[in-house]
Structure formats: structure tokens, C-alpha cells
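The values are calculated or read from the model by the stated rules, or taken from the named source; none is laboratory data. Bear in mind that the values here come from a model prediction, so they are computed numbers and not experimental data. As a convention, Cβ positions derive from the backbone with ideal geometry for all residues, glycine included, and neighbour counts pool all protein chains shown. For the accessible areas, the whole protein counts, side chains as well, though only heavy atoms, and no ligand, DNA or RNA atoms are used. Shrake-Rupley method; radii C 1.70, N 1.55, O 1.52, S 1.80 Å.
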Amino acid sequence: MDRASVRNEHYLELLKDLRLMDDDFFSEALDEKIEPVEYILCTILEREDIKVQHTEAQVEYKSATKRSIKLDIRAVDADGHVMDIEVQRADKGASVRRARFHSSVIDRTLLEKGEDFDALVDTYVIFITERDRYGAGLPLYHVERTVTELKNKMFGDGAHIIYVNGAFRDLEHPVGRLMHDMNCTDPSEMLNPLLAKEVRYLKETEGGKMQMCRAFEEVARESAKEAEEKARIETKREMVRKLYALGQMSLETIAECTELPLDEVKALVEKKPA
């Protein structure tokens, strides 16, 4: 068996244990899938009237000089509202400041130059976490800005953040049924036929299995690329420390030689060794 076949066999073994609670699988299963995403959003937002016009997986918001993000699922409804659905198994991946950052980065793309701020549409950043983020046993936790001095009257800026308790399992509750399905490895055990159909396709059809093998390959390539980039940056940082220790160059010259921002160079040389 050649190396590619061995890799594919390994990928197919991994595929058996994947759930929608695994973010890469979630993205593959729901990429451009209108009806399943509508079901998820109606369940989490506790509405029945959401009509998704467009949905896409792994949408990247790039910045040349600042932190970039990649959304698991980005959906836009009939009113233009933008919804970001993130699956986060690790607690660190669903931090409150990350939610804030996602919300702000999405906002940055919504207005054209000169457009009135009142044209800014509502946005929803939804984190589905494997564990109960706040430990209160509730299915949903809504985060909204309020005015403290006005008895916590709603600020009404249209930015909404919701944490979904992935550990919630009450099958009498819509969120409990959704979380049950998102934690199933076997589509035959899933309750919602829309979600079961997408999971079954990826796990049980030749086309779906090939799609997942390609997705695994892409993840492996991206991981290798990220590791290479981290190593390259760490090499530059080490060069900053060495050049500074020589005492023969200004910080500006060191920044130019290493192609690192001056602020980062200053932070590196000011940081005391542990």
C-alpha cells in the first residue's frame, strides 16, 4: 500500500469518531447548507422565522498587520443580519475577549466608506462550547450591553453574543436535542434529519469520504505551514535579542533587519528573562 493510501486509511479511521462538535467536521458538513444552518440558528435564537440567504464555511477575515480570524460558519439572513457560528471544544477557544474580537472584526467589514453608522446591521457571534461555559446548567447564555445607571436598560447596539452549552442534554428542550445531535458519531442516532443527512453523506458515501480526506490533507498542510511560520518568527525574535545584546545597532535598525514591527522589537528587548 502506497503512502497516500495509508494516509487515507488513517483519515477514514479518524472520520468514524468525528462529530459536529468537532469544528473542522462541522464546517465541512454545513458549508453552503442553507436548511441545516437555518435549523441551528432558529434553535439557538429561539425563533421560527429565520431565513438564511447565504452561508459559507471557513470564512477568513485577513489583516496584513493585525490578528486575522477564520469563522467556522458565516450566515446572512434575509434582513442582512450576519451570524458567526463557532464550535469550540477547548475553553480557551471560547474566551470572552475572543467573542469580543470576532464581533468587532465582523463589524469592520459591514459599512462602506461614508455610509451612515445606523446602516450597521445586527450581528450574532455564537459559541457552541463542549462544556458548560458558565456552569449554571442553562442551555443558552446571552451577552448584551446594558446601561448600568438606567437599571441595566438594553444598550441596543445590535451586537449579540451567545454561548451555547454543549453539555446540555434535555431532549425535551430544542437546544438539548441539537446538542445531542452535535455529539453523535453515528448519524442513525441523530434526531434531526437535516443534520443526519449531512453527517451521513460525509461518513457513509464515497463522495463524502473523499471530501473529508481532502479536508484532512488541507488541515495537515495548514498546520505544517503555521508551524513553519511560528518557527520563522521565533528565529527573527532570537535574532533581535542577539543583535540587541551586541549593542551596536539602534532598535530601528534591528527592526529593519529582522522585518519585525518596531513595537515588537521594543517589547522583546524590554522583556526581562524568566
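Would you point out the residue of the range 110-158, among those that are of a type in the set (Ser, Thr, Tyr) and surrounded by 10 or more Cβ atoms within 10 Å (Cβ to Cβ), that is nearest to Met179 (Cα to Cα)?
Here is the first cut: in the range 110-158, the ones of a type in the set (Ser, Thr, Tyr) are 123-124, 129, 134, 141, 146, 148.
Okay, now just the ones that are also surrounded by 10 or more Cβ atoms within 10 Å (Cβ to Cβ), so 123-124, 129, 134, 141, 146.
Values: Thr123: 23, Tyr124: 19, Thr129: 10, Tyr134: 16, Tyr141: 15, Thr146: 29 Å.
Filtering the range 110-158 for residues that are of a type in the set (Ser, Thr, Tyr) and surrounded by 10 or more Cβ atoms within 10 Å (Cβ to Cβ), the one nearest to Met179 (Cα to Cα) comes out as Thr129.
Could we say that Met182 is more than 28 Å from Val105 (Cα to Cα) and out of contact with any His (no Cβ under 9 Å at 6 or more places or on another chain) here?
Details: more than 28 Å from Val105 (Cα to Cα): no; out of contact with any His (no Cβ under 9 Å at 6 or more places or on another chain): yes.
It is false that Met182 is more than 28 Å from Val105 (Cα to Cα) and out of contact with any His (no Cβ under 9 Å at 6 or more places or on another chain).
What are the pairs with Cβ atoms under 7 angstrom where one residue, in the range 183-200, is under 17 Å from Val87 (Cβ atoms) and the other, located anywhere, is β-branched (Val, Ile, Thr)? Sequence gap at least six, or different chains.
Between residues of the range 183-200 that are under 17 Å from Val87 (Cβ atoms) and residues that are β-branched (Val, Ile, Thr), the close pairs are Met190/Val199.
What tally of residues in the range 192-219 results from selecting those that are under 14 Å from Arg19 (Cα atoms) and open to solvent by 80 Å² or more (accessible area, probe 1.4 Å)?
4
Any idea which residue in the range 95-109 is least open to solvent (accessible area, probe 1.4 Å), counting only those that are hydroxyl-bearing (Ser, Thr, Tyr) and without any contact (Cβ under 8 Å) to a residue 12 or more places away in the chain? Reasoning before the result, please.
Step one: filter the range 95-109 for residues hydroxyl-bearing (Ser, Thr, Tyr), giving 95, 103-104, 109.
Still in the list and also without any contact (Cβ under 8 Å) to a residue 12 or more places away in the chain: 95, 104.
Numbers: Ser95: 40, Ser104: 58 Å².
Ranking the candidates gives Ser95 first.
When you scan the range 225-248, how many residues do you find that are of a type in the set (A, V, I, L, M, F, W, C) and open to solvent by less than 80 Å² (accessible area, probe 1.4 Å)? Steps first, please.
Step one: list which residues in the range 225-248 are of a type in the set (A, V, I, L, M, F, W, C), which gives 227, 231, 233, 239-240, 243, 245-246.
Imposing the further condition that a residue be open to solvent by less than 80 Å² (accessible area, probe 1.4 Å) reduces the set to 227, 231, 233, 240, 243.
Qualifying residue count, the range 225-248: 5.
List the pairs whose first member sits in the range 24-49 and is part of a loop (DSSP other than H, G, I, E, B), whose second member is open to solvent by less than 10 Å² (accessible area, probe 1.4 Å), and whose Cβ atoms are under 7 Å apart, counting only residues at least 6 apart or on separate chains?
Glu32/Thr55; Lys33/Thr55
Being within 30 Å of Tyr11 (Cα to Cα) and exposed (fewer than 14 other Cβ atoms within 10 Å of the Cβ) is true for just one of Glu222, Glu259. Which residue is that? Working first, answer last.
Values: Glu259 fails: within 30 Å of Tyr11 (Cα to Cα).
When all the criteria are applied, what remains is Glu222.
Being open to solvent by 80 Å² or more (accessible area, probe 1.4 Å) and of a type in the set (Lys, Arg) is the filter here; which residues of the range 262-274 pass it? Don't jump to the end; show me each part of the working.
Going through the range 262-274, the residues open to solvent by 80 Å² or more (accessible area, probe 1.4 Å) turn out to be 263, 270-274.
Those that are open to solvent by 80 Å² or more (accessible area, probe 1.4 Å) and of a type in the set (Lys, Arg): Lys271, Lys272.
Got a sec? Which of Val121, Val125 is touching a His at 6+ places or on another chain (Cβ under 9 Å), in a loop (DSSP other than H, G, I, E, B) and touching a residue at least 24 places away in the same chain (Cβ under 8 Å)? Full working, then the answer.
Details: Val125 fails: in a loop (DSSP other than H, G, I, E, B).
Going through Val121, Val125 in turn, just one is touching a His at 6+ places or on another chain (Cβ under 9 Å), in a loop (DSSP other than H, G, I, E, B) and touching a residue at least 24 places away in the same chain (Cβ under 8 Å): Val121.
Across the range 50-67, what is the total count of residues that are open to solvent by 40 Å² or more (accessible area, probe 1.4 Å) and either assigned to a strand (DSSP E or B) or modelled with pLDDT under 95 (or both)?
As a first pass, look at the range 50-67 and keep what is open to solvent by 40 Å² or more (accessible area, probe 1.4 Å): 51, 53-54, 56, 58, 60, 62, 64-67.
Checking the rest, the ones that are also either assigned to a strand (DSSP E or B) or modelled with pLDDT under 95 (or both) come to 53-54, 56, 58, 60, 62, 64-67.
Looking only at that region, the number is 10.
Given (1) over 16 Å from the mean Cα position of the chain (by Cα); (2) part of a helix (DSSP H, G or I), identify the lone condition not met by His142.
Checking His142 against (1) over 16 Å from the mean Cα position of the chain (by Cα); (2) part of a helix (DSSP H, G or I), the one that fails is (2).
Given the residues Ile34, Ile73, Ile106, Ile85, which is the only one that is farther than 23 Å from Thr185 by Cα, touching a strand residue (DSSP E or B) at 6+ places or on another chain (Cβ under 6 Å) and of a type in the set (Val, Ile, Thr)? Talk me through it step by step, then tell me what you get.
Numbers: Ile34 fails: farther than 23 Å from Thr185 by Cα; Ile73 fails: farther than 23 Å from Thr185 by Cα; Ile85 fails: farther than 23 Å from Thr185 by Cα.
None of the other options fit; the residue is Ile106.
Any residue that is within 29 Å of Ser104 (Cα to Cα), crowded, with 16+ Cβ neighbours inside 10 Å and among the β-branched types (Val, Ile, Thr) - is there at least one of those in the range 162-170?
yes
State all residues of the range 75-94 that are under 16 Å from Glu56 (Cβ atoms) and either part of a loop (DSSP other than H, G, I, E, B) or open to solvent by 10 Å² or more (accessible area, probe 1.4 Å) (or both); if no residue qualifies, say none.
Here is the first cut: in the range 75-94, the ones under 16 Å from Glu56 (Cβ atoms) are 75-77, 80-87.
Listed by number, the residues that qualify are Val76, Gly80, His81.
With Glu217, Glu229 as the choices, which residue is free of Cβ contacts under 8 Å to residues at least 12 places away in the same chain, part of a helix (DSSP H, G or I) and either on the phi > 0 side of the Ramachandran plot or not aliphatic (A, V, I, L, M) (or both)?
Glu229
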